[in-house]
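Undergrad: Can you keep this structure in mind? I'll have questions shortly.
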Amino acid sequence: MLPTNEYALYNKGDTLKTLGNYRQAILYLDKALAINPKFEEALDDKAEALNHLGNYTQAILYLDKP
């Protein structure tokens, strides 16, 4: 069962990103952002993960979100 708290989802995504598992990290960061679309740390981490995957245009979009 997955946690529904955006902080728990973010922490899992952040940990996966730190481990270099960027695709899995994005899945959890997206779940956190579905709960709170303005969650700045999750937006930043998603941009960083996208950048590592070479999706530079998408990464910039997440850095520009309010």
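We did not get these values from a lab; they are worked out from the coordinates using the rules stated. Not measured: the values here are computed from a predicted model.
Undergrad: Convert 4 °C to kelvin, take the viscosity as 1.567 mPa s, use the Kirkwood radius over C-alpha pairs of the stretch 6-64 as Rh, and evaluate the Stokes-Einstein diffusion coefficient in µm²/s, rounded to a whole number.
TA: Calculated translational D: 121 µm²/s.
Undergrad: Report, ordered by chain and residue number, the aspartates and glutamates lying within cross-link reach of LYS31, taken as a straight Cα distance under 17 Å and ignoring same-chain residues fewer than 8 apart.
TA: GLU6, ASP14, GLU40, GLU41, ASP44, ASP45, GLU48
Undergrad: Can you give the relative contact order of the chain as a percent, counting alpha carbon pairs under 8 Å and 6+ residues apart?
TA: 27 percent.
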